[in-house]
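Below is one structure, written out as structure tokens, with a few remarks after it.
Only the coordinates and a few stated rules stand behind these numbers; no lab work does. This structure is a prediction, so every number in the text was calculated from the model and none was measured. Because the Cβ atoms are built from the backbone with ideal geometry, glycine has one as well, and the counts that use them run over all protein chains shown.
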Amino acid sequence: MIPKPAHDAVKPAAKAVTVSAQEYDRLLGHAKQAEQYLRQLADVDNTRKRLQREKEEFSRFAAESVIRHLLPIIDSLSQALVAVDTQADPKTIIQGVHLIYRQLLGLLEREGVARITTIGEPFDPHRHEAVAQVDTDEPKADGTVVEEVQVGYTMHGKVLRPAMVKVAKKSSPQTEPSQQQGERKEG
């Protein structure tokens, strides 16, 4: 015969506990609340995981709509390239390029992209990037944009790329050459 392990031989006796009906109902209520809390916690965790999956899927396919709208423009560009190789009439080719440009601008507009207005506008560092200053004698022109170097764009009001601009600066009064040299010697 195989001897039984010593730990099985000594088992504490289970004690019977008596509780009142009110205490039983209170404990049962706590148990139900704990179970409900754990279910809600699991629901929140499952929702968080589902939202994370949806976010990842959305980011992978976010550009799909724009790409679908770009495909006809790419087709038009391909046709224009064929026309460049086969057509001798430069006016027709130029018209085709302008058409493609308008198609592309239309797509950007439908997606909420807009050009930043520049010339004649007051310089705004949030929308414009000054690349140069141009002297002006007109006091009203001081601080306004006089030339656009590169177009800037917004999307739904948010700046995608600031416009590169040249800004008017009020000309300083000319001093005599002898005064300028004297100022340089003192400084």
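Brief remarks on what is shown
- Cα convex hull of the chain - mean projected area over all directions, nm²: 38.1 nm²
- Annotation: amide H-H contacts under 5 Å for THR136 (H modelled 1.01 Å from N, sequence separation of 5 or more, or interchain): LYS169, LYS170, SER171.
- Nearest-ten-degree value, helix 64-86 long axis tilted from longest Cα axis of the chain: 40 degrees
- For the chain, the longest principal axis of the Cα atoms and the long axis of helix 21-61 meet at an angle of about 30 degrees.
- Annotation: amide H-H contacts under 5 Å for GLU129 (H modelled 1.01 Å from N, sequence separation of 5 or more, or interchain): ALA163, MET164, VAL165.
- Per residue, the average separation of C-alpha pairs within less than 8 Å and at least 6 apart gives the chain a relative contact order of 14 percent.
- Ascending count of other beta-carbon atoms within 10 Å, so fewest first, for PHE123, PHE61: PHE61, PHE123
- Restricting the calculation to alpha carbons of segment 64-110 gives Rg and Dmax of 11.7, 37 angstrom.
- Taking every DSSP helix (H) stretch of at least 4 residues in the chain, weighting each as -39,500 (n - 2.57) and dividing the sum by the residue count yields a mean residue ellipticity at 222 nm of -18000 deg cm²/dmol.
- Other residues with beta-carbon under 12 Å from the beta-carbon of GLN95 carry, at +1 per Lys or Arg and -1 per Asp or Glu, a net charge of +1.
- Mean separation of Cα contacts under 8 Å, 6 or more apart, over the residue count of segment 113-170: relative contact order %: 46 percent
- Between 0 and 90°, nearest 10: helix 90-110 axis offset from the chain longest Cα axis: 40 degrees
- Intensity falloff of segment 113-170 expressed as log10 I(q)/I(0), Debye formula with alpha-carbon point scatterers, at q = 0.18, 0.29 Å⁻¹: -0.52, -1.09
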